[in-house]
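Everything below concerns the one structure shown next.
The values are calculated or read from the model by the stated rules, or taken from the named source; none is laboratory data. Quick caveat: nothing in here was measured; it's all calculated off a predicted structure. FYI the Cβ positions are ideal-geometry reconstructions off the backbone, even for glycines, and counts take in every protein chain you see. Areas reflect the complete protein model, heavy atoms only, side chains present, ligands, DNA and RNA absent. Shrake-Rupley method; radii C 1.70, N 1.55, O 1.52, S 1.80 Å.
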Amino acid sequence: MALALSGASPRLVAIAALCALAGLSQHAQATNGYFAHGYGIQSEGIAGVGIALPQDSLAAATNPAGTAFVGSRLDIGLNYFEPSRSARIEGNNLGPFGSLDGEYSGNGKRRFFIPEFGYTRVLSPTLSAGLAVYGNGGMNTRYEQNPFSALGASGRAGVNLEQLFVSPSIAWRATSDQVLGVALNLAWQRFSADGLGPFTAASASPNDVTNRGTDTSSGVGVRLGWIGTVAPGLQLGATWSSKISGRFDKYKGLFADNGSFDIPANYGVGLSWQAARDWTVGLDYQVIEYSGVDSVANPLSRLLEGQALGSAQGPGFGWKDVRVVKLGVIHQLNAAWTLRAGFSHASQAVPSNQTFLNILAPGVVQDHLTVGFTQKIDQHSQWSGFYGHAFSKTVNGSGSIPASFGGGEADVRLKENILGVAYGWSF
């Protein structure tokens, strides 16, 4: 299929980007903590590997130096994301008010569709530019049976967090073997919470904890990257993304530091090895610094120290930094078909003594297995797809529910299925 891209591309890019923005504004996801496991359907097919192994025009979402390696192309993709989240409370005693004990399903909404869009252009032998639009991450729970009802909560309970990135990038080939890249991360977040009435008594701003509708936040950050060939068939890469400031004023009574909710800094290193003519192996190591965001990292136990929800350095979800190892394999089966597989393992974000509040945000899965493919249709176009499964993980509470909430333990669990498809067009 031939098309005069030089005339049609600006319009096509604008339409595709607007579609991606519209779709991403409605949906949320969670994998490594609440970050996506990868960006771009081809990268997602190898468990998110991409720091030294760029494959399509969303490469800059992982490493902006990758913009120089994929040529001039456009990719439009769609992920179908189906998480299963639930909680169990045992040993809770509220005296005359009863107990929170029970099994709770957070799957009031189970199906999410998450579009993504990428565009890259070779400007000169040493310079390439691109634009990536994608969901950086998120979290959604909806408990139709409110886990906090015995404490006086009414209606359903849950939260919805969504993060959209629009990332223009530029990559400079400093030498034939060394590429540097930079991307501007224009971040937009939205958040809502319902059914959390019992927590208002522990807040510095009790009118700004729950049922305040959707609030939004925007911020700007930067991602830097490098990819270098260090030996025949061997590439190394490194990337770093800055923390991005964010704030939800409508929920300043829930989040620490008067509603602050920053997107954490993250960084990683990777390698790509051409193991044989038709085989490529990729390996990434990524660190997501949740500990640098008070509203995410501070433990709920700060309530016992007299610090109210929403106060400076106040209580949060108690998350730890997440460290992820990703391994992917690509096999060029023939001229038309490319096959992919990957596995990733992440450290646990949610400690066992922090599970009570994380009933709302059970980002506990650690292991992902993925398979994928690309079918080349003709000289310019291709279809890619992948399937990913995040294996079920339960974090059992240990000293997790404060005595002021009746004590006992909260166990949280999560598993996920993800399907993705993308159309790619090179020119």
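When G66, G77, G71, G48 are screened for being farther than 25 Å from D262 by Cβ, modelled with pLDDT of 95 or more and out of contact with any helix residue (DSSP H, G or I) (no Cβ under 6 Å at 6 or more places or on another chain), only G71 passes. Scanning segment 54-85 for residues that are open to solvent by less than 20 Å² (accessible area, probe 1.4 Å) and farther than 23 Å from L186 by Cα yields F81, P83, R85. Of everything in segment 141-195, what is open to solvent by 30 Å² or more (accessible area, probe 1.4 Å), out of contact with any helix residue (DSSP H, G or I) (no Cβ under 7 Å at 6 or more places or on another chain) and part of a loop (DSSP other than H, G, I, E, B)? Give them in sequence order. Within segment 141-195, E144, Q145, G155, R156, A174, T175, S176, D177 qualify. For beta carbons closer than 7 Å, sequence separation of 6+ or different chains, a first residue in segment 291-316 that is hydrophobic (A, V, I, L, M, F, W, C) and a second that is part of a helix (DSSP H, G or I) and open to solvent by 50 Å² or more (accessible area, probe 1.4 Å), the qualifying pairs are A297/S291. Among the conditions (1) over 22 Å from the mean Cα position of the chain (by Cα); (2) crowded, with 19+ Cβ neighbours inside 10 Å; (3) not hydrophobic (A, V, I, L, M, F, W, C), the only one that P125 does not satisfy is (2). Within segment 226-236, the set of residues being in a strand (DSSP E or B) and either open to solvent by less than 10 Å² (accessible area, probe 1.4 Å) or not small (G, A, S) (or both) comprises W226, I227, G228, T229, V230, L234, Q235, L236. Summed over segment 276-300, residues that are out of contact with any Gly (no Cβ under 8 Å at 6 or more places or on another chain) and of a type outside the set (A, V, I, L, M, F, W, C) total 6. Scanning segment 128-144 for residues that are under 17 Å from the mean Cα position of the chain (by Cα) and under 19 Å from F427 (Cα atoms) yields one hit, A132.
Going by the structure shown, is I401 touching a strand residue (DSSP E or B) at 6+ places or on another chain (Cβ under 9 Å), surrounded by 15 or more Cβ atoms within 10 Å (Cβ to Cβ) and assigned to a loop (DSSP other than H, G, I, E, B)? The answer is yes for I401. Determine, yes or no, whether I418 is in a loop (DSSP other than H, G, I, E, B), touching a residue at least 60 places away in the same chain (Cβ under 8 Å) and touching a Gly at 6+ places or on another chain (Cβ under 6 Å). No; evaluated as a whole, the condition is false for this residue.
None of A341, A410, A346, A361 is surrounded by fewer than 24 Cβ atoms within 10 Å (Cβ to Cβ) and hydrophobic (A, V, I, L, M, F, W, C) except A341.
When L254 is tested against (1) out of contact with any helix residue (DSSP H, G or I) (no Cβ under 8 Å at 6 or more places or on another chain); (2) modelled with pLDDT of 95 or more, exactly one condition is not met: (1).
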